Amino acid sequence: MLAAALALALAAAPIDVLVVVPLCDGAKLACGNGALGDPRSLDGNLYWGARFGAERFLKGRSGITVTSSTPGATPVLRELRLVRRADKGEREVRATLVAFDGERIDDALAYFLDAVRMRRADLVVWAGHDRLMDVAAPELARADRPASAAVLACESERYFGPPLDAMGARAVALTRSFMAPEGYLLDALLTSVARNGPDERELLRQALIGAYARWQKISTTSAATVFSRLE
């Protein structure tokens, strides 16, 4: 009876997701004109405040409520906390989005890897430029109980896959090609996690494929080539 009650409680418990977003830095990437590439512009940056940026897109989605929005201490620009309401058959998802100054992307990378290693959430997500395309991955010891991880960045299977594997982290979403790490993918991720939990790789992949095809206006077949099929 006790074991059954515990299992039921765990099944109904909220899921915590931590999302690390290094703002797009126009000095390093093709982010677009003006504020789109301003690495400190929370209102206009491509990855944060623009039409498909993480904060602006998620704040406009049905069922998502902002519970707090606080300024951070450099290099963190803002910490945004959201709750995705649980519909029938779903679990509540509590998401924390951390916006990093794009010029301090190395600090964002260290924060992300440490959050995975220390299991600071059930699922830790990177959404932004693939910094490991530019710098060597740090040497990482195997962690006792790392978080699951998703990396929405260009060719993340190639660059983030090995260091995550070295830590013993379960990668649940990686990519195989260049791509846009935009807010609709985070929305699809939160929906899949609410419905299926944080570790259902193929269901999460299908959700990401569907969202990418819809918002990029490409075929599902083309979108499927973006996201890794993880065994």
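The values are calculated or read from the model by the stated rules, or taken from the named source; none is laboratory data. These numbers were taken from a predicted model, which means no experiment stands behind them. As a convention, Cβ positions derive from the backbone with ideal geometry for all residues, glycine included, and neighbour counts pool all protein chains shown.
The set of residues in segment 19-49 that are under 19 Å from the mean Cα position of the chain (by Cα), within 16 Å of LEU97 (Cβ to Cβ) and part of a loop (DSSP other than H, G, I, E, B) comprises LEU23, CYS24, LEU42, ASN45, LEU46, TYR47, TRP48, GLY49. Does ILE105 satisfy being without any contact (Cβ under 8 Å) to a residue 40 or more places away in the chain, of a type in the set (A, V, I, L, M, F, W, C) and in a helix (DSSP H, G or I)? Spelling it out, it is not the case that ILE105 is without any contact (Cβ under 8 Å) to a residue 40 or more places away in the chain, of a type in the set (A, V, I, L, M, F, W, C) and in a helix (DSSP H, G or I).
Being modelled with pLDDT of 95 or more, in a loop (DSSP other than H, G, I, E, B) and either β-branched (Val, Ile, Thr) or buried (at least 16 other Cβ atoms within 10 Å of the Cβ) (or both) is the filter here; which residues of segment 62-88 pass it? Correct list: PRO75, ALA86. Assigned to a loop (DSSP other than H, G, I, E, B) and either touching a residue at least 60 places away in the same chain (Cβ under 8 Å) or in contact with a helix residue (DSSP H, G or I) (Cβ under 7 Å, 6 or more places away or on another chain) (or both): which single residue out of ALA149, ALA136, ALA180, ALA141 fits that description? Unique residue meeting the criteria: ALA180. Comparison of SER222, SER228 shows that the only residue that is touching a residue at least 24 places away in the same chain (Cβ under 8 Å) and small (Gly, Ala, Ser) is SER228. Of all the listed residues (ASP122, ASP130, ASP101), the sole one being of a type in the set (Asp, Glu), closer than 21 Å to PRO198 by Cα and either crowded, with 18+ Cβ neighbours inside 10 Å or within 13 Å of the chain's Cα centre (by Cα) (or both) is ASP122.
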